[in-house]
Amino acid sequence: MLKIQINSIKILSLSATFTGLLVFAFFAISIFTLLTSLMGTMTPGEGQEPIKIEISPKGETIFTLKAVNSGLLAITTKLNIKLISKDKVVAQGQKAIKLLPKEKGELKLRLAFTKSQMEELQETPPKISFSLETRTFFDLAGMGVSAQMGEDK
Amino acid sequence: MKILKALLGAAFYIVLFVYWPRLTLTNVPSDILGPLGPVENILMTSTVVGIVLALLFVIKTLTAKQNPLNLVVLVVSELVGFYVFLFFISFGNPINFGRVEKAIPIGPGVTVKFDFRIFVQLTLVVLVFRVAVGILEFYNVRCKSATGNITK
């Protein structure tokens, strides 16, 4: 009886150590995946901007982001863009992409405007607020960066 | 032999938490460490933690396994370990519980966000598990000692 008790306590003790090591390993792998993927997406190469902005003939503004997963776990990269003019959100959009390890993908976010909005934006160029977030470990851990471009007049 | 083990363990904690942070952090440019808060605060916390962990290790090594002090030291060590993890993962502000948003001085309105709440929760689960196993081990050793199966 005592032997069974000792063995079960030894097994429990080993499982506690193993669980601790497993959590630490997943933590390290997640940080590595998030850092490498976010850095890879933010710095696509020399002379290249992370987000490409185009205006289509229909008057849509298209934001293109090339996302990469340089890590060891699957990631979800989310791009959120807001156009702010006179302290009001004129347009906003959000797009996400799931990438397996060593996979690359493209995120295209289209923002459409009405004629009156276009005229207003031409008068007062908007401030672009973007946030890029990468999540991993079943989307439970994440890292992101947000910034603002242009000046709201 | 026990004294040697206690001294070596204590030296390990002192090197890891007192000497090593001083050696590395003082060589890192302050604008990189900016979002982490003042370097002095980090060094102070790390020094206190190092000394506490070294003392706890010495007490744990030098006391008998059936001594209640051994169990108390085990629980306190686990709690201090969890606090250290929480302190560093929350960028020096444990109340954030692993979710941090910091402005960085590389451009206007540039902020970075970190969300590691899941690892804080998992570490908390591991802490409870390890403390529970520690209590079971302690009672097991006490039972064996009471029935005369173990000598001091």
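Within the protein assembly as shown, all pairs of alpha-carbon atoms sorted by distance into 10 Å bins from zero give the percentages 5, 19, 25, 20, 14, 9, 5, 2, 1, 0.
Compared with the dominant Cα axis of chain B, that is its longest principal axis, helix B:117-146 is turned about 10°.
Applying 1/(1 + (r/R0)^6) with R0 = 51 Å to the Cβ-Cβ distance of B:Val128 and A:Phe113, what FRET efficiency is obtained, to the nearest 0.05?
Numbers: r = 54 Å, r/R0 = 1.05.
Taking R0 as 51 Å, the efficiency between B:Val128 and A:Phe113 is 0.40.
Here the Karplus curve 6.51 cos²θ - 1.76 cosθ + 1.60, taken at θ = phi - 60°, turns the phi angles of the range A:134-147 into couplings of 10, 10, 9, 6, 6, 6, 9, 10, x, 8, x, 9, 9, 8 Hz, with x standing for Gly and Pro.
Model label sites at A:Lys86 and B:Ile51, defined 7 Å from Cα along the beta-carbon direction, differ in position by 6.1 nm.
Using the Cβ of B:Phe91 as centre and a radius below 14 Å, the other residues enclosed give a net charge of +2, where K and R count +1 and D and E count -1.
Across the range A:12-153, C-alpha contacts under 8 Å between residues 6 or more apart give a mean separation that, scaled by the residue count, equals a relative contact order of 24 percent. Computed from the Cα positions only, the extents of chain B along the three principal axes stand at 71, 31, 15 Å, in decreasing order. For the pair A:Lys102 and B:Ala103, how long in nm is the line joining their label points, each one 7 Å along Cα→Cβ? The answer from the label model is 4.3 nm.
When the range A:1-67 is described by a simple charge dipole with +1 on each Lys and Arg Cβ and -1 on each Asp and Glu Cβ, the residue from A:Pro50, A:Ser15, A:Thr61 located farthest towards its positive end is A:Ser15. With θ taken as phi - 60° and the Karplus curve 6.51 cos²θ - 1.76 cosθ + 1.60 applied, the whole-hertz 3J(HN,Hα) list for the range B:76-85 is 5, 4, 5, 5, 5, x, 5, 5, 4, 4 Hz, x standing for glycine and proline. For the range A:47-55, 3J(HN,Hα) computed residue by residue from phi via the Karplus equation (6.51, -1.76, 1.60; θ = phi - 60°) reads x, 10, 8, x, 10, 9, 10, 10, 10 Hz, glycine and proline entered as x. From Cα pairs below 8 angstrom and at least 6 apart in sequence, can you work out the relative contact order of the range A:69-121, rounded to a whole percent? After rounding, I find 36 percent.
Rule-based calculations on the coordinates, nothing more; no lab input. Predicted, not measured: the structure shown is a model, and the values here were computed from it. Counting neighbours? That spans all protein chains shown, and the Cβs are built from the backbone with ideal geometry, glycine included.
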